[in-house]
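Take a look at the structure below.
A short reminder: the numbers here are calculations on the coordinates, not readings from a lab. Only a predicted model underlies this, so the values are computations on that prediction, with no experimental measurement involved. Cβ placement follows ideal geometry from the backbone for every residue including glycine, while neighbour counts extend to all protein chains displayed.
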Amino acid sequence: MDKIYLGIATAFFLGGFIYSVIALKNGSFRPSRYNLAAMLGGLVFQTLFLGDRGRIHYACPVTTAAEMFVFIAWAMVIIYLVLGPTYRLSLLGVFTSPLVFFFQVPALLAGFDKVAAEAVADAKGPTNAWLETHIALALIAYGAFAMAFVAGIMFLVQDRFLKKGKLNGLFFHLPPIQNLSRAILLLVILGVALLAGALGSAYAIDGAAGTAKLFIMHGMWVLYAVLLGVRFTRGLPSAQFARFTILAFAVPMVSLYFVR
Amino acid sequence: MRVHCLGLNYKHAPVEIRERLAVGEKKSGETSAETAKVDEIEEAVVLSTCNRTEFYVASHEGESFPQAIENHVRRHFQLGDDPLPFYHHSDAEAVRHLFHVASGMDSMVLGETEIFGQVKAAYAAALEAGATSSTLNQLFQKTFNVGKHVRTHSKITSGPTSVGAVAVELAVKIFGDLKRCKVLLIGAGEISRSTAKSLATRGARGIVVSNRSFDKAEELAGEMEGRAIRFDDFQSELPSADIVIGSTAAPHTIIDGSHVDPVLRKRRGRPLFFIDIAVPRDIDPGVGDRSGVYLYDIDGLESIATESRKKRASELARCERLVEELMQKHGVLSHRTNAPQREGTGLSSPEPPPAAT
């Protein structure tokens, strides 16, 4: 059943994205309607999938790379639904859905062996609350960085339109550049704060200190924290901050390979 | 019941003629009611804007009727026998014309949205004055649906079409809410005045005017509830300004990188929008290369407005198709014909038409 849930969720995100692209091309895009419905529908089935996997594992469903990707995608959708209306970022969903789709497709193709997962869960023994907290916070932080990456792309697209004076259909649907700038900043702050929580909880886990995984996560935290520091202390221009946020996202993506 | 439209508009009637037929907002209902009292006219709505005056009437009368309405209009406005470029439409043509008008397809600035509100206001005034009944009530309700449909399903309203509108659109796309935006006017020319007014109508506050003639600066600042400063003091206002409009007659640039760079450092990433409508230009073009600075000169603004106008014009055919589809849907015969017009409007009549003799 879990694979069906994931398949339906993925179809929702793909459908929402295709609809939005066609509507934007035809000039009939209306924010907060079908795209929002697709994101909500996708979220429901993502949640059902993660709930199903959680029941199998008796723990946070992030035991494989595939599950981690789905969990990050789930965090991204939730952040979008919270952040989008606040900053009038209706088009953020259009930019988010393809990334969520590409996160979920490998998970869908990888498949999920229920019997093996149950056997691993039985062998693992009781769940460790600190470990669960660490993983959940870290992956939601990854979701925040992913959304900062998406908002960064939107910022640079809108910045280019404004610099070149090209006012096409997409320009009118993209949010104001200052709203995007604030959203990127907020997302990076959120990601840094969540990652700090994840690192803090890691020290409560026996044997976690000094591992390569934790070293990589520290490096990532420092990278984003420095980025924030430069932004606040040296007044790093918004376009450069957006560019660095996009580039910095390569670090969490690569780190997933090591921390999975 | 048949529907007729008699009117004149900006296409053929210059302002000297249009002003003779202008009906003020307060007189609109009264004029509609007076028209509805004319023999053989059952219902009437008078639409009068700066670009047109049109009489929409419902009547059982047919071919000779447009002349009867024209006679009434000539009497009402004391126009005598002066040759005037009136047009008249009957039945489906009249309905089609009203649909086009309400959709902004017949407007001077194609796709402008103000006309929709003006049609609504004209109808509301006529309704309140008791000048309408079943036929025009139905027609105007359908007109509002058609107007909304055409705007929603086409790009006829897309893009700003004047320098002021372009400036506002860009400012909104840079800052979002303009209520926290401070506008600095350097020079008090007519275009900068109208641009600043456009920004103020969208919420921009704290308008500061700097001009070589301080009296003129004070006058403009007073008009906009802003503040006037001496011309030499404009640089001290730059760090706190979000939108800077340059329109001086200076023979060389008055703002360059050396003025902007320290300002940008103080702004900590907050964007800066320069609108340079002066010729020769007031702002060095190199300023626009800086991150977080958006600079537009008069040519840049004009080309965006021209592009939008072209885009709207290219939408006209699609809008006409939409109107024809809706005329079919609403049961209004849609084939185009000039005269004689025999087709009905498809609108129900509260009473049967008189028997043919």
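Roughly how many whole Å is it from the C-alpha centroid of region A:200-246 to that of region B:211-250?
If you average the Cα positions of each part, the centres end up 45 Å apart.
For B:Lys27, go through the lysines and keep the ones whose alpha-carbon is under 18 Å away, minus same-chain ones fewer than eight residues off.
Answer for B:Lys27, where 18 Å is the Cα cut-off: B:Lys37, B:Lys120, listed by chain and number.
In the protein assembly as shown, what % of DSSP beta bridges are antiparallel (nearest 5)?
Details: 19 of 42 bridges.
Once the DSSP bridges in the protein assembly as shown are tallied, antiparallel ones form about 45 percent.
Kindly provide the GluC sites (Glu not before Pro) of region B:32-82 that DSSP labels as loop, not H, G, I, E or B, and whose Cβ sees at most 14 other Cβ atoms within 10 Å.
Details: sites: B:Glu34, B:Glu40, B:Glu42, B:Glu43, B:Glu54, B:Glu61, B:Glu63, B:Glu70; in loops: B:Glu40, B:Glu61, B:Glu63.
Within region B:32-82, the qualifying GluC sites (Glu not before Pro) (loop, at most 14 other Cβ atoms within 10 Å) are B:Glu40, B:Glu63.
Picking from B:Gly80, B:Gly29, B:Gly147, which is most flexible by a Gaussian network model of chain B using Cα springs under 10 Å?
Looking only at B:Gly80, B:Gly29, B:Gly147, the largest GNM fluctuation is found for B:Gly80.
With a Förster radius of 25 Å, plug the Cβ-Cβ distance of B:Ser240 and A:Phe232 into 1/(1 + (r/R0)^6) and report the FRET value to the nearest 0.05.
Once rounded, the FRET efficiency stands at 0.80.
Out of residues 5 or more away from B:Met105 or on other chains, whose amide H comes under 5 Å of its own, with H placed 1.01 Å from N in the peptide plane?
B:Gly111
Using the Cα centre of region B:1-123 as the reference point, and only Cβ charges (+1 on K/R, -1 on D/E), how large is the resulting charge dipole? Debye, rounded to the nearest 20.
300 debye
With all distinct Cα pairs included, what does the Kirkwood hydrodynamic radius of region B:206-313 come out to in Å, to one decimal, could you say?
When all Cα pairs of region B:206-313 are included, the Kirkwood radius is 14.9 Å.
How far is the Cα center of region B:123-149 from the Cα center of region B:165-198, in Å?
The distance from the Cα centre of region B:123-149 to that of region B:165-198 comes to 37 Å.
Compute the distance in nm between two label points, each set 7 Å from the Cα along the Cα-to-Cβ direction, one at B:Ser134 and one at B:Ser258.
Distance between label points: 8.1 nm.
Highest GNM mean-square fluctuation, chain A, Cα pairs closer than 10 Å: which of A:Asp159, A:Asp52, A:Asp206?
Looking only at A:Asp159, A:Asp52, A:Asp206, the biggest GNM fluctuation is shown by A:Asp206.
So how do B:Met327, A:Met154, B:Met108 line up by other beta-carbon neighbours within 10 Å, fewest first?
So the residues, fewest neighbours to most, are B:Met108, B:Met327, A:Met154.
Explain nothing, just the number: relative contact order of chain A, from Cα pairs under 8 Å at least 6 residues apart, as a whole percent.
21 percent
Please report the antiparallel percentage of DSSP beta bridges with both residues in chain B, rounded to the nearest 5.
Taking every DSSP beta bridge within chain B, about 45 percent pair in antiparallel fashion.
Quick one: compute the contact order of region B:130-263, relative version, from alpha carbon pairs under 8 angstrom and 6+ residues apart, as a percent.
Worked out over region B:130-263, it gives 23 percent.
Evaluate the charge dipole of the protein assembly as shown about its Cα centre and quote only its size in Debye, nearest 20, assuming +1 on the Cβ of each Lys and Arg and -1 on the Cβ of each Asp and Glu.
About 2080 debye.
Return, ordered by residue number, the residues of region B:186-201 whose backbone nitrogen is under 13 Å from a label point located 7 Å along Cα→Cβ of B:Ala249.
Residues passing the 13 Å test: B:187-190.
Place a +1 charge on the Cβ of each Lys and Arg in chain A and a -1 charge on the Cβ of each Asp and Glu, then give the dipole magnitude about the Cα centre in debye, rounded to the nearest 20.
So the dipole magnitude of chain A works out to roughly 1200 debye.
7 Å from Cα along Cα→Cβ at both B:Glu219 and A:Ala110: what's the point-to-point distance in nm?
7.3 nm
Could you check the simple spin-label distance between A:Val251 and B:Glu40, using points 7 Å along Cα→Cβ, in nm with one decimal?
8.5 nm
Please determine, in degrees from 0 to 90 and to the nearest 10, the orientation of helix B:114-128 with respect to the longest principal axis defined by the Cα atoms of chain B, where the helix direction is its Cα long axis.
40 degrees
Determine, from the Cβ-Cβ distance of B:Arg20 and A:Tyr34 and an R0 of 41 Å, the FRET efficiency 1/(1 + (r/R0)^6), rounded to the nearest 0.05.
0.20
Ordered by residue, what ³J(HN,Hα) values in Hz, to whole numbers, does region B:258-269 give under the Karplus form 6.51 cos²θ - 1.76 cosθ + 1.60, where θ = phi - 60° and Gly and Pro are x?
5, 7, 7, 4, x, 5, 4, 4, 6, 7, 6, x
Sort all Cα-Cα distances of region B:126-184 into consecutive 10 angstrom bins from zero, then give the percent of pairs in each bin up to the one containing the longest distance.
With a bin width of 10 Å, the distribution comes to 18, 26, 22, 22, 12, 1.
Of the cross-linked pairs B:Lys173/B:Lys311; B:Lys173/B:Lys197; A:Lys163/B:Lys266; A:Lys25/B:Lys182; A:Lys164/B:Lys155, which ones have a Cα-Cα span greater than 24 Å in the structure shown?
Values: B:Lys173/B:Lys311 20 Å; B:Lys173/B:Lys197 18 Å; A:Lys163/B:Lys266 21 Å; A:Lys25/B:Lys182 35 Å; A:Lys164/B:Lys155 22 Å.
As for pairs spanning more than 24 Å Cα to Cα, those are A:Lys25/B:Lys182.
Principal axis lengths of chain B from Cα atoms, whole Å, largest first?
Cα spread of chain B along its principal axes, largest to smallest: 87, 40, 33 Å.
What is the Cα centroid distance between region A:125-168 and region A:52-80, reported in whole angstrom?
Cα centroid to Cα centroid, the span is 16 Å.
Could you give me the ³J(HN,Hα) list for region B:309-326, computed from phi with Karplus coefficients 6.51, -1.76, 1.60 and θ = phi - 60°, whole Hz, x at Gly and Pro?
5, 5, 4, 5, 4, 5, 8, 4, 4, 5, 5, 4, 4, 4, 5, 4, 4, 6
Provide, as a two-decimal number, the C-alpha radius of gyration of the protein assembly as shown over 2.2 N^0.38 Å, N being how many residues it has.
1.25
Sorting B:Thr152, A:Thr47 on the 10 Å Cβ count, fewest up front, what's the list?
Ordered by Cβ neighbours within 10 Å, fewest first: B:Thr152, A:Thr47.
In a Gaussian network model over chain A where Cα atoms closer than 10 Å are linked, find which of A:Leu167, A:Leu195, A:Leu223 has the largest mean-square fluctuation.
Sorting by GNM fluctuation, first place goes to A:Leu167.
Of B:Phe65, B:Thr49, B:Pro83, which is farthest on the positive side of the dipole of region B:36-85, counting Cα position, with +1 on Lys and Arg Cβ, -1 on Asp and Glu Cβ, and the Cα centre as origin?
In region B:36-85, that residue is B:Thr49.
Can you sort B:His100, B:His60, B:His12 by how many other beta carbons sit within 10 Å, fewest first?
B:His12, B:His60, B:His100
B:Asp297's amide H: which non-local residues (gap 5+, or another chain) put their own amide H closer than 5 Å, with H modeled 1.01 Å from N in plane and none for Pro or chain starts?
B:Asp276
Quick one: Karplus J couplings for region B:290-299, per residue in order, coefficients 6.51, -1.76, 1.60, θ = phi - 60°, nearest Hz, x for Gly and Pro?
Calculated HN-Hα couplings, in order: 6, 5, x, 10, 10, 10, 10, 9, 4, 5 Hz.
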